[in-house]
Amino acid sequence: MRTRELIKSIVLALLVLSSIVLTVMIWNFSPDLTDADNVHTKDATEAIGTRYDKAFSQVVTPLQLVHVENDDVKGMPANKDVNALMTVFQKHRIIEVEDIQNDDVVLLRDLSNHFVVLDYPSDIPLSMYLNEVIEIPAKVPTNFKFNRLILDVDDAQHVIIYAMQPNHQRAIKLETNLNTKYVQQRIQKMKADLEPYDDVVTNRSTINKATYMYAVKAPKNLKAYRTIFNRINVEDLNAILFDNTPIVRTTNSGNTTYNNKTGVVNYNANRETYDYTNLSEDEHSTRNMNVNLPRAFDFINKHGGFTDDFRLFSADNDRGYIIYQMFLNGRPIFYPNQLNEIRVLWGERGLYEYSRGLLKTNVTIDNGEKPESLPDLEDVRSVLASKGNIDFTKVQQMVIGYRMSPIKGPENSIEIQEGSQFIPTWYIQYDHEWYEYKDGELVET
């Protein structure tokens, strides 16, 4: 018994001693934050804006909305309310899919006289859009692309979506289980911003209410804006793309080249442009935009690359390029070089090319001048249709955008880094390219 009591006392003493030692260690514990600080610094260095700041639906957006109710046609550029319209379909489903085809022009025989048109600036894979953007997956042809959605919002049914192929020879009809009142309520909230639009027939594929080209009838009260820029640090972009590996730098006549074994960057200090090529990636990029569009979006969003209101503007299946363009108030901004663009080319395994301007807007304000009017739609249409050097059948879009015009500094020096004006202007998409309409002519942007 005495031996057992002695053992119990020794064990108890050891437990008490262990408790005391652990308590002292906890009181005096000081974590090593060196690695944590390094990680935080590394993350901060490898981003040029707020990480994961954009939703896919904020980047893949319409160019304009047109509301048609019988003979009343009104529309607006794609502001935040328009971009959020398609979110009403989330948590709903598609209950029936129909493929409508025609050798000439597709006829939507069941389309009512109350519908909403959403025109997009680029051809978009329908499968990707349904899955990734509005999150209502459906079994649709994987190779089908659209540049127009029509939402039939007649009172007697659920919302029906028609995705229109760019050549207007094919459409995918998607019957949803969403009540039309939800879309009608959204449109009602926008009505104060809607203005008269008109339909335009440009060729034999734009001959009915589903296929007309729509544009603002009489653009008035358009304000110009002035902006001040901040500059994106070249070293921050290098840290993202070179993964902090040793870099060789050479400078020649204002152009700086950075390169290592895996990539090369050309930085133009005068134009404030940055062009990266991944030398370890295959030059022959994949053309599957169902894959490339989500990959490119994730890459740019991950390092905060959507520093302004950038939106998908072109997805070129032939060359593989994806172009995001800067917008203001729902209108695209145009400039002769890529200061207003982010351009991505995706390879077989990863990023192959990445180009962008190095300026981001800091403050944008009304320039204080009197709002102006632009030529009426009919005047622009009439002039273009009468031009002998313009084939009006190749006109695809007519919209109001902004021309980015550098503010002149002392002695008329151009100080684009300091600020610019955004001036409202007619822009015409002609034969898949965008032009400024100026004095009756189409001028390259």
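Computed values, structure above
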{"quantity": "Selection count where residues are touching a residue at least 12 places away in the same chain (Cβ under 8 Å) and under 16 Å from Asn208 (Cα atoms), scope segment 80-109", "calculated": "9"}
{"quantity": "Residues located in segment 58-82, provided they are at negative phi and open to solvent by 30 Å² or more (accessible area, probe 1.4 Å)", "calculated": "Gln58, Glu69, Asp71, Asp72, Lys74, Asn79, Lys80, Asp81"}
{"quantity": "Residue within segment 310-317 that is in contact with a strand residue (DSSP E or B) (Cβ under 6 Å, 6 or more places away or on another chain), outside any helix (DSSP H, G or I), without any contact (Cβ under 8 Å) to a residue 24 or more places away in the chain and of a type outside the set (Gly, Ala, Ser) present", "calculated": "no"}
{"quantity": "Positions within segment 231-246 being open to solvent by 70 Å² or more (accessible area, probe 1.4 Å) and touching a strand residue (DSSP E or B) at 6+ places or on another chain (Cβ under 8 Å), in sequence order", "calculated": "Arg231"}
{"quantity": "So Thr176, is it more than 19 Å from Leu151 (Cβ to Cβ) and either crowded, with 17+ Cβ neighbours inside 10 Å or in contact (Cβ under 8 Å) with a residue 60 or more places away in the chain (or both)", "calculated": "no"}
{"quantity": "Those residues of segment 204-221 which are in contact with a Ser or Thr (Cβ under 7 Å, 6 or more places away or on another chain) and buried (at least 16 other Cβ atoms within 10 Å of the Cβ), in sequence order", "calculated": "Ser205, Thr211, Tyr212, Met213, Pro219"}
{"quantity": "Residue match in segment 194-201 (condition: surrounded by 13 or more Cβ atoms within 10 Å (Cβ to Cβ) and more than 30 Å from Asp155 (Cβ to Cβ))", "calculated": "no"}
{"quantity": "Positions within segment 328-344 being open to solvent by 10 Å² or more (accessible area, probe 1.4 Å) and either under 18 Å from Pro294 (Cα atoms) or free of Cβ contacts under 8 Å to residues at least 40 places away in the same chain (or both), in sequence order", "calculated": "Glu341, Arg343"}
{"quantity": "Filtered residue count, segment 392-410, keeping only those that are over 20 Å from Arg331 (Cα atoms) and either without any contact (Cβ under 8 Å) to a residue 24 or more places away in the chain or of a type in the set (Lys, Arg) (or both)", "calculated": "4"}
{"quantity": "Checking Phe313 against (1) closer than 23 Å to Leu63 by Cβ; (2) open to solvent by 30 Å² or more (accessible area, probe 1.4 Å), the condition it does not meet", "calculated": "(2)"}
{"quantity": "Residue ID - farthest from Ser355 (Cα to Cα), chosen from residues in segment 293-307 that are in contact with a helix residue (DSSP H, G or I) (Cβ under 9 Å, 6 or more places away or on another chain) and crowded, with 21+ Cβ neighbours inside 10 Å", "calculated": "Leu293"}
{"quantity": "Candidate set from segment 68-79 (those that are touching a residue at least 24 places away in the same chain (Cβ under 8 Å) and out of contact with any His (no Cβ under 9 Å at 6 or more places or on another chain)); member that is nearest to Gly401 (Cα to Cα)", "calculated": "Pro77"}
{"quantity": "Boolean, Gly368 is open to solvent by 50 Å² or more (accessible area, probe 1.4 Å) and either farther than 28 Å from Asn221 by Cα or of a type in the set (Ser, Thr, Tyr) (or both)", "calculated": "no"}
{"quantity": "Looking only at segment 116-144, and only at residues there that are within 24 Å of Tyr321 (Cβ to Cβ) and touching a helix residue (DSSP H, G or I) at 6+ places or on another chain (Cβ under 7 Å), the one that is surrounded by the fewest Cβ atoms within 10 Å (Cβ to Cβ)", "calculated": "Thr142"}
{"quantity": "Thr262, sole failed condition from (1) open to solvent by 20 Å² or more (accessible area, probe 1.4 Å); (2) touching a residue at least 40 places away in the same chain (Cβ under 8 Å)", "calculated": "(2)"}
{"quantity": "Segment 110-149, subset of a type in the set (Val, Ile, Thr) and not in a strand (DSSP E or B), residue nearest to the chain's Cα centre (by Cα)", "calculated": "Val133"}
{"quantity": "Failed criterion for Leu384 (all others in (1) in contact with an Asp or Glu (Cβ under 7 Å, 6 or more places away or on another chain); (2) at pLDDT 95 or above; (3) part of a helix (DSSP H, G or I) hold)", "calculated": "(1)"}
{"quantity": "From the options Asn113, Asn102, residue that is closer than 14 Å to Ile172 by Cβ, out of contact with any His (no Cβ under 7 Å at 6 or more places or on another chain) and open to solvent by 10 Å² or more (accessible area, probe 1.4 Å)", "calculated": "Asn102"}
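The values are calculated or read from the model by the stated rules, or taken from the named source; none is laboratory data. All of these numbers come straight from a predicted model, not from anything done at the bench. Methodologically, a virtual Cβ is constructed for each residue, glycine included, from the backbone with ideal geometry; neighbour enumeration extends over all protein chains shown. Remember, those area values only see protein heavy atoms, side chains included, never the ligands or the DNA or RNA. Shrake-Rupley method; radii C 1.70, N 1.55, O 1.52, S 1.80 Å.
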